[in-house]
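Trainee: Right, I'll just put the structure down here and ask away after.
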């Protein structure tokens, strides 16, 4: 058994976050030692899995659906592939944005508005903004 302060120390998560994870059903305490919640040692793996999933962009609801609150986690491979595809698309968008910003920063045009590439970047930005507004 491990108490909440030990779990907090080993996981790096504040006790308040661990209590919240318990409240939303991601982890489960098995008792108390005084006023401190007790967890089975396996909860450390669950907390690590939660941290990894959050780094990957999964919401707590998505994580709960994948791992439940107890027992062995069963990961939905299709959901993992879908999330990886989303991350790849985001990386590509961010890389393109970074390239555009670097071009703008290093552009030799006297005025950025005279630069044909800058003009294309602005058109892409407004088109994406319009699409975003229409989809919401």
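Since every read-out is calculated from the coordinates, none of them should be taken as a lab result. What you are looking at is a predicted structure, and each value in this text was computed from that prediction instead of being measured. Backbone-built Cβ (ideal geometry, glycine too); neighbour counts: all protein chains shown.
Trainee: At R0 = 30 Å, how high is the FRET efficiency between residue 81 and residue 104 if r is their beta carbon distance? Nearest 0.05 is fine.
Mentor: 0.30
Trainee: GNM on the chain, C-alpha springs below 10 Å: top fluctuator among 122, 66, 55?
Mentor: It is 122.
Trainee: Report the calculated FRET efficiency for residue 42 and residue 88 (r = Cβ-Cβ distance, R0 = 35 Å), to the nearest 0.05.
Mentor: 0.60
Trainee: Hey, another quick one. Hey, in the GNM for the chain with a 10 angstrom Cα cutoff, which one of 125, 95, 15 fluctuates hardest?
Mentor: Per the Cα network of the chain with a 10 Å cutoff, 125 tops the list.
Trainee: Could you work out which residue, out of 34, 100, 57, moves most in a Gaussian network model of the chain, that is, has the largest mean-square fluctuation with Cα springs under 10 Å?
Mentor: Its mean-square fluctuation being the largest, the pick is 34.
Trainee: For the chain, what does the helix formula give at 222 nm: sum of -39500 (n - 2.57) over DSSP H segments with n ≥ 4, over the residue count, nearest 500 deg cm²/dmol?
Mentor: -21000 deg cm²/dmol
Trainee: Considering Cα pairs under 8 angstrom that are at least six residues apart, work out the relative contact order of the stretch 1-118 and quote it in whole percent.
Mentor: 19
Trainee: Further question: Note down, for the chain, the three equivalent ellipsoid semi-axes (square root of 5 times each alpha carbon gyration tensor eigenvalue), biggest first, whole angstrom.
Mentor: Semi-axes (√(5λ), whole Å): 46, 17, 12.
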